[in-house]
Amino acid sequence: MSILSIRNLQTEFRGPAGIARAVDGVSFDVNPGEIFGIVGESGCGKSATCRSILRLFAGATARIVGGEVILEGTGDLAQMRESDLARVRGREVAFIFQDPLTALNPTMRIGKQVAEVIRRHRKVSRTEAREAALQLLRDVHITSPERRLDAFPHELSGGLRQRVVIAMALALQPRLIIADEPTTALDVTVQDQILRLLKERRDGTGTSIIFITHDLGVVSQICDRMAVMYAGRVVETGSVRQVLDHPSHPYTRALLDALPGQVSRDRDLTPIEGSPPSLITPPSGCRFAPRCRVARPCCAQGAAPVLKPRSGVSADHLDACILTEVPDAIA
Ligand SMILES: Nc1ncnc2c1ncn2[C@@H]1O[C@H](COP(=O)(O)OP(=O)(O)OP(=O)(O)O)[C@@H](O)[C@H]1O
Ligand SMILES: [Mg+2]
């Protein structure tokens, strides 16, 4: 049984140029204790998908217009009243943003911020909350935690700040953590430490994690299953080994050739020509067809192709390319 089941999710942003369907029919499941990776080029809807789960939209222009976000044992978050969803945030599902500074209050000492997260949801004394905050800083391997409690965010390095944000995410022992490029702003060594920290948490407590990244090397390092998104839709999903070792959708193949990361270290990088389409007026048929090296005229017709199992491979490995139904068509 999955802990999170997203079905045909559709989210729109209203802007001066029109309505962009940033998430257009996205479905995937996250299993208990699993790290689920979401990859894709900039603007393909990774953040919009994950913010839709908790309706964490900045500004009032975003709206979920269809689909379900079923959190096991809790129900459909997409239908939930804002006041009920507020209780799910942090307590059951926590969100870690790319930039730790946006998640921290610059004018409040670290210890107080972490303690407040606890006090907002649990009836504990000020002293107990501070004790718990100290333990959380220890849990995320912050050195001299007693001293850091009294520091302000700007007094800490980027890596330490992200550890504090992770400590705040862990504070209420959520069942699911959504991490939106949590290491992009950090240097490689620190990035590695943060990844190990998240993995350690999963191994220790069985928390599920959704991990958004541009880096396929990171996906290969820490994720169990993954989804590849393009222009607001999932075009391929499966176990990391299936998708990265046997990519079937031409977009996944192109991404593997284009992005740096350990999976493609031995090969020359080939950028994907062109850019993703407008989500206000997306092209008909497969949205990748205009950039696809193997596209045929039929690819650009009709509705966007849906995910289907790759015949004969694994029931869990799905792709949305109509050509992969033809044996060897894109080999
Ligand atoms: N607040 C907003 N208002 C209007 N459009 C938005 C807003 N946020 C995102 N979008 C649009 O939604 C689409 C998906 O954006 P999203 O941020 O989900 O992409 P992403 O895959 O997370 O990209 P990145 O890798 O750059 O973070 C983009 O086309 C973007 O222009
Ligand atoms: Mg994003």
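Some observations on this one:
- Of all the numbered requirements in (1) open to solvent by less than 40 Å² (accessible area, probe 1.4 Å); (2) of a type outside the set (Ser, Thr, Tyr); (3) within 28 Å of Leu198 (Cα to Cα); (4) more than 9 Å from ligand 1 (Cβ to nearest atom), Glu72 misses one, and that requirement is (1).
- Scan of the range 5-51 for residues that are near ligand 1 (Cβ under 9 Å from one of its atoms) and under 20 Å from Glu72 (Cα atoms), ordered by number: Thr49, Cys50, Arg51
- Looking only at the range 97-112, and only at residues there that are modelled with pLDDT of 90 or more and either touching a helix residue (DSSP H, G or I) at 6+ places or on another chain (Cβ under 7 Å) or outside the structural domain of Leu149 (by TED's automatic domain parsing) (or both), the one that is farthest from Ala171 (Cα to Cα): Pro106
- Every pair of residues 6+ apart whose Cβ atoms lie under 6 Å, when the first sits in the range 40-66 and is in contact (Cβ under 8 Å) with a residue 24 or more places away in the chain and open to solvent by less than 40 Å² (accessible area, probe 1.4 Å) while the second is more than 9 Å from ligand 2 (Cβ to nearest atom) and in a helix (DSSP H, G or I): Ile64/Ser52; Ile64/Ala78
- Considering only residues in the range 195-228 that are part of a strand (DSSP E or B), in contact with a Phe, Trp or Tyr (Cβ under 9 Å, 6 or more places away or on another chain) and over 18 Å from Gln173 (Cα atoms), the one that is most open to solvent (accessible area, probe 1.4 Å) turns out to be Arg225.
- Cβ-Cβ under 7 Å pairs, at least 6 apart or on other chains, the range 133-161 side small (Gly, Ala, Ser), far side not in a helix (DSSP H, G or I): Ala133/Leu149; Ala151/Arg109; Gly158/Ala185; Gly158/Leu186; Gly159/Leu186
- When the range 104-143 is filtered for residues that are touching a Lys or Arg at 6+ places or on another chain (Cβ under 7 Å) and part of a helix (DSSP H, G or I), the ones remaining, listed by number, are Ile110, Gly111, Ala115, His121, Ala129, Leu137.
- All positions within the range 278-305 that are more than 26 Å from the chain's Cα centre (by Cα), exposed (fewer than 13 other Cβ atoms within 10 Å of the Cβ) and in contact (Cβ under 8 Å) with a residue 40 or more places away in the chain: Arg293
- Failed item in (1) assigned to a loop (DSSP other than H, G, I, E, B); (2) touching a residue at least 40 places away in the same chain (Cβ under 8 Å); (3) not charged (D, E, K, R), with Leu101 passing the rest: (1)
- Among the residues listed as Ser27, Ser83, the single one being within 29 Å of Glu236 (Cβ to Cβ) and of a type in the set (Ser, Thr, Tyr): Ser27
- Among (1) surrounded by 21 or more Cβ atoms within 10 Å (Cβ to Cβ); (2) more than 21 Å from Arg163 (Cα to Cα) - the single one Val93 does not satisfy: (2)
- Members of the range 1-30 that are surrounded by fewer than 16 Cβ atoms within 10 Å (Cβ to Cβ) and aliphatic (A, V, I, L, M): Met1, Ala17, Ile19
- Those strands (runs of 3 or more DSSP E) of the range 1-81 in which 3 or more residues are β-branched (Val, Ile, Thr) occupy 18-30, 35-39, 62-71.
The values are calculated or read from the model by the stated rules, or taken from the named source; none is laboratory data. Treat the numbers as computed from the prediction; the structure is a model and nothing was measured. Counting neighbours? That spans all protein chains shown, and the Cβs are built from the backbone with ideal geometry, glycine included. Accessible surface is based on the protein model in full, side chains and every heavy atom, while ligands, DNA and RNA are left aside. Shrake-Rupley method; radii C 1.70, N 1.55, O 1.52, S 1.80 Å.
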